[in-house]
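The values are calculated or read from the model by the stated rules, or taken from the named source; none is laboratory data. Remember, it's a predicted structure, so these values are computed and weren't measured experimentally. Cβ placement follows ideal geometry from the backbone for every residue including glycine, while neighbour counts extend to all protein chains displayed. The area values use the complete protein model at the heavy-atom level, side chains included, leaving out ligands, DNA and RNA. Shrake-Rupley method; radii C 1.70, N 1.55, O 1.52, S 1.80 Å.
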Amino acid sequence: MSAPTRPEPGPEPDSGPPAEVLGGGSAGPRLGERWTALPPRSRRLAAAGAGLAVLAAVGVYALATRPEPEPPAPVPYPIQSTHFSFLGIETPKAGDSVFDAQLMATSDSGASLEKITQGYSGLKLSVRPALPLDLAQGQPTRVTVRFEVVRCAGLPLDASLPSLRVTLRNTRAIQDYSSILGGTYAAELSRALRTICEPAPRAAPGA
């Protein structure tokens with residue numbers, strides 16, 4: 001009998017690509033490593049930008065959540081906050097046709113005195129200082145109203161409540177109203193008009 005023959009060794013089997021190794025980390029550099037790798041100047045700029053972003057976010061939040069301010073109280077109407085007082089009339093001398101009335105104007109919140117008029121066609125009226133006149137808040141302002149008698153017919157020689165028509169303006173409104181200055185003004189106005197329109201009769205010659 002012949003001896004059994006041993007099989008010839010065949011080619012080695014192909015082992016294929018190397019097995020993939022699985023791991024929990026990333027193959028690239030981590031965030032901390034990238035931050036450390038940055039130049040110092042870049043790190044400072046990045047930190048400053050992040051800080052500004054945080055401040056901006058805080059500011060936007062504060063603006064969005066702050067309570068709305070209370071609206072300011074409205075300025076009062078000019079006729080509610082402006083007052084006129086009568087100081088007096090100097091009785092004109094015989095033969096005069098002009099006399100002055102002195103007033104004091106006071107505004108609690110500031111106003112402009114735009115116009116002063118009266119309703120008698122026989123009287124002309126002018127005002128000093130010239131109008132419009134600013135009335136500073138809380139500061140009394142003296143106003144002189146000059147009357148000139150051009151015709152006596154129809155004048156209030158015995159009027160009980162003569163008035164002046166006043167126009168006032170402030171940031172809220174422009175208003176007209178009749179300012180009644182009281183009994184003293186009525187009496188002194190009537191006396192001045194009588195002095196001009198009802199002069200005392202001349203004494204008879206030889207009296």
Rounded to whole Hz, the Karplus (6.51, -1.76, 1.60) HN-Hα couplings of the stretch 184-193, x for glycine and proline: 5, 4, 4, 5, 6, 5, 4, 5, 5, 5
Counted charge near residue 148, where neighbours are those whose Cβ lies closer than 15 Å (Asp, Glu -1; Lys, Arg +1): +2
Around residue 88: net Lys/Arg minus Asp/Glu count, Cβ-Cβ under 15 Å: 0
The stretch 113-207, accessible surface, carbon-and-sulfur percent (1.4 angstrom probe): 49 percent
The stretch 76-207 - accessible surface per residue (Å², probe 1.4 Å): 56 Å²
Per-residue ³J(HN,Hα) for the stretch 87-101, Karplus 6.51 cos²θ - 1.76 cosθ + 1.60, θ = phi - 60°, Hz, x for Gly and Pro: 9, x, 10, 7, 4, x, 7, 4, x, 7, 10, 10, 8, 10, 10
Inter-label distance for residue 187 and residue 153, nm, one decimal - labels placed 7 Å from Cα along Cα-to-Cβ: 3.2 nm
